[in-house]
Structure formats: C-alpha cells, structure tokens
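The values are calculated or read from the model by the stated rules, or taken from the named source; none is laboratory data. Note that the coordinates shown come from a computational prediction; the quantities given were computed from them, not determined experimentally. All Cβ positions, glycine included, derive from the backbone under ideal geometry; neighbour counts span all protein chains shown.
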Amino acid sequence: MRYRLAAPVAVAGIATGAALAVATPVTPQPGAVVTTSHPLFTWTLPSNAQSSAIYIANNPAVTPEGRFYDENVVDADVFFNDERQWSPTTPLYAGAYWWLVWSNDRNTFVSYYSTPASFTVCPLVTLLPLRTRPYLSLHWLDVNVRWRANVRTLTVKVRLLHRGKVIWKRTENDDNLRRLDRLDELTRALVVRSP
C-alpha cells in the first residue's frame with residue numbers, strides 16, 4: 001500500500017518543480033491594446049529560474065515543447081543576464097501579436113516556455129505639415145505629403161481646392177512592407193504635379 005501512494009506523490013513533486021521555473025508575463029497584459037510600436041515587455045520569474053529569451057509571433061500556435069513555430073516569429077531576443085524586461089528595437093506593425101518567455105531552471109537547466117499572452121498594436125498615422133512648391137512658368141504645383149505610420153499599407157488621397165471646388169485630385173497607395181530600423185520615425189513623401 002505504501003508504494004502505491006509514494007508513486008503519485010513523487011509524480012506530483014516533479015510536476016510542481018517543473019512549474020516553478022516558468023515565467024509569468026506581466027505587461028502587456030493578455031488582451032492589452034498598446035499605442036506604441038515599441039511596447040515594454042515585463043515578466044516575473046521564480047527565484048530558481050532565469051530568463052533565456054523572448055519571442056513575439058503573429059500566430060498563437062506553439063510546438064509541442066511550447067515555443068512558437070519559426071514561420072510565425074516576428075521578433076525575438078536572447079538573454080544572457082537574466083533580464084526581466086525588454087522592448088523591441090525593430091518596431092512592430094499594427095496588428096495582433098502573442099508573446100512568451102523562454103526560461104530555465106538554474107539547478108537542473110531544464111527549459112520552460114510561458115503560456116502565450118496576446119496583445120494588439122493600434123494603428124497610428126500622423127500627418128506631418130504639408131509642403132507645396134509652385135512652378136509658375138510650367139503651371140505646376142508640387143505637393144509634398146509626409147506622414148508617420150505603423151501600418152503595412154496606406155492610401156493617400158490628395159485634393160486641390162480652388163474656392164471650394166475640387167480642381168485636381170490624386171490617390172496613391174504606399175506599401176510599407178520593408179522592415180525599417182525605426183518604422184515609427186518613417187517619413188514618406190508623395191510629390192504630385194498638377195497641370
């Protein structure tokens with residue numbers, strides 16, 4: 001009878017020890033909406049654990065070990081000093097994301113992944129001051145429209161009014177698909193010429 005009881009107790013002890021090294025995401029909280037392309041991620045760890053890496057993905061699916069699939073990872077970083085907070089250097093586009101922390105037990109070196117936590121980056125678009133330059137001899141007007149945005153595609157519509165009447169208009173799409181070092185400081189220009 002003693003042996004039968006000892007086996008479940010030993011299994012419960014192993015399962016409890018395994019759960020102790022798992023990181024707990026703090027911010028952004030699950031389901032949070034953030035208004036920056038560089039959110040600050042923070043987490044807590046038990047005293048016997050240290051953080052090894054952070055992963056951000058655009059899909060919550062995980063491997064059997066608990067890590068995001070490589071094709072869904074949009075940003076990641078490896079830690080060497082047991083960090084408890086991190087912010088991406090590459091800005092995130094507007095949209096839904098999930099994040100998790102990879103940690104390990106300091107004594108056994110067994111690795112663990114936290115449960116993925118969801119968050120959303122809000123679309124942010126700022127129109128900068130409009131610049132115009134007339135070319136009177138050519139009857140042209142250059143219109144320079146500039147903006148900052150964290151969206152992948154942006155449609156810009158420009159209308160030129162004279163006494164309340166539209167005398168010229170143009171619509172252009174800007175595909176912002178390149179990953180830039182500082183997307184939130186990106187300035188795009190659209191120069192149009194009107195006859």
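Using the structure shown, decide if TRP147 is at pLDDT 70 or above, over 23 Å from GLY95 (Cα atoms) and among the aromatic types (Phe, Trp, Tyr). Steps first, answer last, please.
Numbers: at pLDDT 70 or above: yes; over 23 Å from GLY95 (Cα atoms): no; among the aromatic types (Phe, Trp, Tyr): yes.
Here the answer is no, as TRP147 does not meet what is asked.
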*Which one of VAL158, VAL121 is surrounded by 15 or more Cβ atoms within 10 Å (Cβ to Cβ) and more than 16 Å from THR171 (Cβ to Cβ)?*
VAL121
_Residues within the range 96-138 that are basic (Lys, Arg) and touching a residue at least 24 places away in the same chain (Cβ under 8 Å), tallied_ = 1
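Condition check: on the phi < 0 side of the Ramachandran plot, surrounded by 14 or more Cβ atoms within 10 Å (Cβ to Cβ) and either in contact with a helix residue (DSSP H, G or I) (Cβ under 8 Å, 6 or more places away or on another chain) or acidic (Asp, Glu) (or both). Does ARG148 satisfy that?
Yes; evaluated as a whole, the condition is true for this residue.
Going through ALA49, ALA32 one at a time, which residue ends up being surrounded by 15 or more Cβ atoms within 10 Å (Cβ to Cβ) and more than 13 Å from GLN85 (Cα to Cα)?
Working: ALA32 fails: surrounded by 15 or more Cβ atoms within 10 Å (Cβ to Cβ).
ALA49 is the lone residue from the list that is surrounded by 15 or more Cβ atoms within 10 Å (Cβ to Cβ) and more than 13 Å from GLN85 (Cα to Cα).
Does SER103 fit the bill of being under 19 Å from ASN48 (Cβ atoms), surrounded by 11 or more Cβ atoms within 10 Å (Cβ to Cβ) and assigned by TED's automatic domain parsing to the domain that holds ASN48?
Details: under 19 Å from ASN48 (Cβ atoms): yes; surrounded by 11 or more Cβ atoms within 10 Å (Cβ to Cβ): yes; assigned by TED's automatic domain parsing to the domain that holds ASN48: yes.
When the stated conditions are applied, SER103 passes them.
Here's the yes/no breakdown for (1) aliphatic (A, V, I, L, M); (2) under 19 Å from ALA32 (Cβ atoms); (3) surrounded by 16 or more Cβ atoms within 10 Å (Cβ to Cβ); (4) out of contact with any strand residue (DSSP E or B) (no Cβ under 8 Å at 6 or more places or on another chain):
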site: PRO64; (1), (2), (3), (4): no, no, no, yes
site: TRP99; (1), (2), (3), (4): no, yes, yes, no
site: ASN107; (1), (2), (3), (4): no, no, no, yes
site: VAL125; (1), (2), (3), (4): yes, no, no, no
*Could we say that SER52 is at pLDDT below 90, over 13 Å from TRP99 (Cα atoms), of a type outside the set (Asp, Glu) and within 23 Å of the chain's Cα centre (by Cα) here?*
no
*asked:* For the list (1) closer than 22 Å to THR153 by Cβ; (2) in contact (Cβ under 8 Å) with a residue 40 or more places away in the chain; (3) in contact with a Leu (Cβ under 8 Å, 6 or more places away or on another chain); (4) of a type outside the set (A, V, I, L, M), I need the number of the one condition that PRO88 fails.
replied: (3)
*Identify, by number, the condition in (1) farther than 27 Å from THR35 by Cβ; (2) in a loop (DSSP other than H, G, I, E, B); (3) more than 24 Å from the chain's Cα centre (by Cα) that ASP142 doesn't meet.*
(2)
*Residue check: is VAL78 farther than 23 Å from ARG152 by Cα and surrounded by 15 or more Cβ atoms within 10 Å (Cβ to Cβ)?*
no
_Answer from TYR97, TYR135 - the residue that is among the aromatic types (Phe, Trp, Tyr) and in the same structural domain as ARG159 (by TED's automatic domain parsing)_ = TYR135
